[in-house]
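This report refers to the structure that appears directly beneath it.
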Amino acid sequence: MSSFWGGYGLPLAFGVSDVKEFEGQIIKIRRRIHAYPELSYQEYETAQLVAQKLRTLDIAVKTRIGGTGVVGILKGAKKGNVVALRADMDALPITENVNVPFKSKRPGIMHACGHDTHVSMLLGAAMLLSKHRDKLQGQVKFLFQPAEEAGGSGGAKPMIDDGAMNNPKVDYVFGLHISGAEPSNAFLLRSGPLMAAPDSFRIRIIGKGGHGSTPHEAVDPVFVSAQVVTALQGVRSRMVDQREPMVLSIGSIHSGTKENIIPDEARLQGTIRTFNEKTRAQAKKYVAQVAKSVSSGFKAKAEVEFKPDDYPVTVNDPTVTKRVISILGMIPGTRTIEARPIMGAEDFSRFLQKAPGAFYFLGTHNPRKGCVKPNHSSEFKVDEDVLKYGSLSLANLAYEFGKPGQN
Ligand SMILES: [Zn+2]
Ligand SMILES: [Zn+2]
């Protein structure tokens, strides 16, 4: 199938016929992990399965990297670049609502973001690359990361701190995410900023409790919260450059116990998503400023606290991305589409701060197979026929970028 982006001009190292022999295994592994999901930093069984599989492929394995993380290293027959491929392993605190034979056996935990498929697709790539290591140049590092869903305290940072990107030093890094919102068999990516920087914050509004019938003798934090929530949207609409993407959402408000008691305080939690550091710094400053000044106008006090460890914008290297687009564009049975920037966030951004690379998506939306719900839905269902393409894309990226002197 011809691609929107045009071909790479050379045949790819691995084609659909090469991955076909592993497709059954890829799906089997995915189903196994799907049935036994594990939450962030508790991916013990998943990590064990990964390590065992890598060892059977004669790939060197390091375990307990950044918590439950696993690193595999495959040496090619010839010298070349070190290419890292990353899959996250954790599931979400959701009870699965899909009736499949491999439905989650753990109530309240589900692979609703598709990280089970990431693990199996990367193992599929490992099977392909291991089999053809004689023609491989350079080295491939397989990064199985814990706790992507843990936000700012996600597993990318502890893995990097544990040396995952060194010894050997990684020259290029790639990550793949499945997307329930995009059509099956479509790869999506873009050059430059792809996913936002997330900043979580908490606001504590301190008032003065009293009787609901005499608000003038109290300072009502419920009323003040309402003003703050409304005013904060003015940061987006009136204070930050309109040409810069930004989202601000308050996801949680807690205060009070009974209808006629004015409580002492209210607690709010929210998130800001931005695409550049300047807007990000401004947004954080104005959120604190507006929350505090609106509160003090009504005799209350606001304390604003930002999580210190939120991660940066996910930025795909333009030169690398151009080449990735060409390579993906040559995978038969798929098409490659330019993605729009996404306000969601990924701690893969931390790996991209250490080496140039790209993060990309593979669509799995397929109404004919009932795969219609988005990631994080309790009804999220994956079109398993796309998994072979994911493995194929990772293996080909590792092969192509492993070649020395390409960039
Ligand atoms: Zn997710
Ligand atoms: Zn995810």
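The values are calculated or read from the model by the stated rules, or taken from the named source; none is laboratory data. Given the structure is predicted, the values throughout are model-derived calculations rather than measurements. Reconstructed Cβ throughout: ideal geometry from the backbone, glycine too, with neighbour counts over all protein chains shown. Heads up: the accessible areas ignore ligands, DNA and RNA and are worked out on the full protein's heavy atoms, side chains in. Shrake-Rupley method; radii C 1.70, N 1.55, O 1.52, S 1.80 Å.
Residue order by solvent-accessible surface for Tyr44, Tyr172, Tyr36 is Tyr44, Tyr36, Tyr172, largest first, with ligands and nucleic acids left out and a 1.4 Å probe.
The residue among Thr319, Ser377, Leu352 whose Cα reaches farthest toward the positive pole of the charge dipole of the chain, with charges on the beta-carbon of Lys, Arg, Asp and Glu, is Thr319. When restricted to Cα atoms, the chain yields an Rg and a Dmax of 23.6, 81 Å, respectively.
How high is the relative contact order of the stretch 1-136? Use alpha-carbon pairs under 8 Å, at least six apart in sequence, and give a whole percent. Computed value for the stretch 1-136: 32 percent relative contact order. In terms of overall dimensions, the stretch 292-351 has a Cα radius of gyration and Dmax of 20.9, 65 angstrom.
Residues whose amide H falls under 5 Å from that of Arg64, counting only those 5 or more places apart or on a different chain, are Gly69, with hydrogens built in the peptide plane. Helix 387-402 and the longest principal axis of the C-alpha atoms of the chain enclose an angle of approximately 70°.
Give me the percent of the accessible area of the chain that comes from carbon and sulfur atoms, probe 1.4 Å, all protein chains in place.
Values: 8900 of 17280 Å².
Heavy-atom surface of the chain belonging to carbon and sulfur, 1.4 Å probe: 51 percent.
A Gaussian network model of the chain, with springs between Cα atoms under 10 Å, assigns the largest mean-square fluctuation among Pro318, Pro193, Pro101 to Pro101.
Its relative contact order, with pairs defined as Cα atoms under 8 Å and 6+ residues apart, puts the chain at 26 percent.
Solvent-accessible surface of protein heavy atoms, probed at 1.4 angstrom with all chains present, puts Lys78, Lys53, Lys157 in the order Lys78, Lys157, Lys53, largest first.
3J(HN,Hα) along the stretch 169-183: 5, 6, 8, 9, 9, 10, x, 10, 10, 7, 10, x, 8, 10, x Hz, from the Karplus curve 6.51 cos²θ - 1.76 cosθ + 1.60 with θ = phi - 60°, whole Hz, x for Gly and Pro.
Of all DSSP beta bridges in the chain, what percent run antiparallel (nearest 5)? Provide the component values of the computation, followed by the final result.
Working: 45 of 70 bridges.
Approximately 65 percent, going by the DSSP bridge assignments.
Taking all protein chains together and a probe of 1.4 Å, list Asp347, Asp241 from the most accessible to the least accessible. Present the calculation step by step, with values, prior to reporting the outcome.
On the way: Asp347 0, Asp241 65 Å².
From most exposed to least exposed: Asp241, Asp347.
In this structure Ser255 has an accessible area near 50 Å², from a 1.4 Å probe over the protein heavy atoms.
Centroid-to-centroid, using Cα positions, the stretch 104-147 and the stretch 373-397 are 12 Å apart.
How much FRET efficiency would the formula 1/(1 + (r/R0)^6) give for Lys79 and Lys169, where r is the Cβ-Cβ distance and R0 is 22 Å, rounded to 0.05? Spell out each step's value before the answer.
On the way: r = 14 Å, r/R0 = 0.64.
Taking R0 as 22 Å, the efficiency between Lys79 and Lys169 is 0.95.
Over the residues of the chain, the helix contribution to mean residue ellipticity at 222 nm works out to -9500 deg cm²/dmol, using -39500 (n - 2.57) for each DSSP H run of at least 4.
Relative to the longest principal axis of the Cα atoms of the chain, the long axis of helix 115-131 lies at roughly 20 degrees. Sites listed here are GluC sites (Glu not before Pro) in the stretch 275-321 whose DSSP assignment is loop and whose Cβ has at most 16 other Cβ atoms within 10 Å, and the list is empty. Note that the stretch 198-209 has calculated 3J(HN,Hα) couplings of x, 10, 8, 9, 10, 10, 10, 9, 9, x, 9, x Hz, one per residue in order, obtained from phi through the Karplus relation 6.51 cos²θ - 1.76 cosθ + 1.60 (θ = phi - 60°); glycine and proline are x.
Tell me, what is the percent relative contact order of the stretch 39-100, built from C-alpha pairs under 8 Å that lie six or more residues apart? Provide the component values of the computation, followed by the final result.
On the way: 49 pairs, mean separation 22.8, N = 62.
Relative CO of the stretch 39-100 lands at 37 percent.
A simple charge model with +1 on the Cβ of Lys and Arg, -1 on the Cβ of Asp and Glu and nothing else charged puts the dipole of the stretch 241-395 at about 280 debye relative to its Cα centre. The magnitude of the dipole of the chain, with charges of +1 and -1 set on the Cβ of Lys/Arg and Asp/Glu and taken from the Cα centre, is near 700 debye. For Asn375, nonlocal amide neighbours, meaning residues 5 or more places apart or on other chains whose placed amide H falls under 5 Å from its own, are Gly180, Ala181.
Amide H contacts under 5 Å for Lys403: Asn81, restricted to partners 5 or more places along the chain or on a different chain, H placed in the peptide plane at 1.01 Å from N. Computed extension length for Tyr44-Arg368: 113.1 nm, one decimal, from 0.36 nm per residue of separation with the Cα-Cα distance subtracted.
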